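First the structure, in the form of structure tokens, and then the observations on it.
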Amino acid sequence: MQVQNSTNAALSAFKQNQGVNANNQNDKNVEQKSQEKSLEKTINESAVSVAISMNAQYILMAMNASSITQGNTLTQAGLTTEQQDVLDFLSGKESSSGMSLKNIGYEGKPITELTPDEAKELVSEDGFFGVTQTSDRVANFVFSFAGDDLELLQKGREGIVQGFEEAKKMFGGELPEISYKTQERTLALIDEKINSLKGESN
């Protein structure tokens, strides 16, 4: 009778343990799916951040070349209706992705209302949309969510490359030189952090 009782107790404990294991497995699956979504979000957010910066640089360079003057609409610069998000962003409104000039720290007047001289200043060496400030801003965006996580840094880097390619497509496969320099410096900043972390882990 005592053996039967201890057998029943052991069987009951085993079943409970199996239930716990099943719950743990379900928790792990949920956590893994959550991490995958988080990585996907990371890539998309990086891509949006870069695409918006490159779009701004493109428009500012066009304005700098006097192809857009104050008061003109961006549709005159060859933008299609598919680029409404960019138009909203550059006009100081919030885009459908939730991005706005204010989100990225820009406090000046909307880009669509700038004079060619004001546009030139923004893409100058020390300007808000110049190579240094733009690449610092995009790289710091990645660092803010990735921290010292190598996988997240790599995903953020992928997002930056993706965003750059999307911006190129939007403008017929070519961007101004400033955008290529910005891309190069942004990736160099991220690669530097990745390499330093790999060095630490060796």
Looking across region 125-167 at residues that are of a type in the set (Phe, Trp, Tyr) and part of a helix (DSSP H, G or I), the single one that is least open to solvent (accessible area, probe 1.4 Å) is 164
Given the conditions (1) modelled with pLDDT under 90; (2) surrounded by fewer than 17 Cβ atoms within 10 Å (Cβ to Cβ); (3) closer than 24 Å to residue 184 by Cα, and given that residue 106 satisfies all but one, which numbered condition is not satisfied? (2)
With the condition kept exactly as written, say whether any residue in region 164-173 is of a type outside the set (Val, Ile, Thr), touching a helix residue (DSSP H, G or I) at 6+ places or on another chain (Cβ under 9 Å) and modelled with pLDDT of 90 or more. no
Residues of region 149-202 being in contact (Cβ under 8 Å) with a residue 12 or more places away in the chain and of a type in the set (Phe, Trp, Tyr), in sequence order, are 164, 171
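Listed residues 122, 101, 114; which is of a type outside the set (Lys, Arg), crowded, with 17+ Cβ neighbours inside 10 Å, at pLDDT 90 or above and more than 18 Å from residue 193 (Cα to Cα)? Full working, then the answer.
Values: 101 fails: at pLDDT 90 or above; 114 fails: at pLDDT 90 or above.
The match here is 122.
The values are calculated or read from the model by the stated rules, or taken from the named source; none is laboratory data. Since we're looking at a predicted model, the values are computed, not measured. Heads up, the Cβs are rebuilt from the backbone with ideal geometry, glycines too, and the neighbour counts pull from every protein chain shown. Heavy atoms of the whole protein, side chains included, go into the accessibility calculation; ligands, DNA and RNA do not. Shrake-Rupley method; radii C 1.70, N 1.55, O 1.52, S 1.80 Å.
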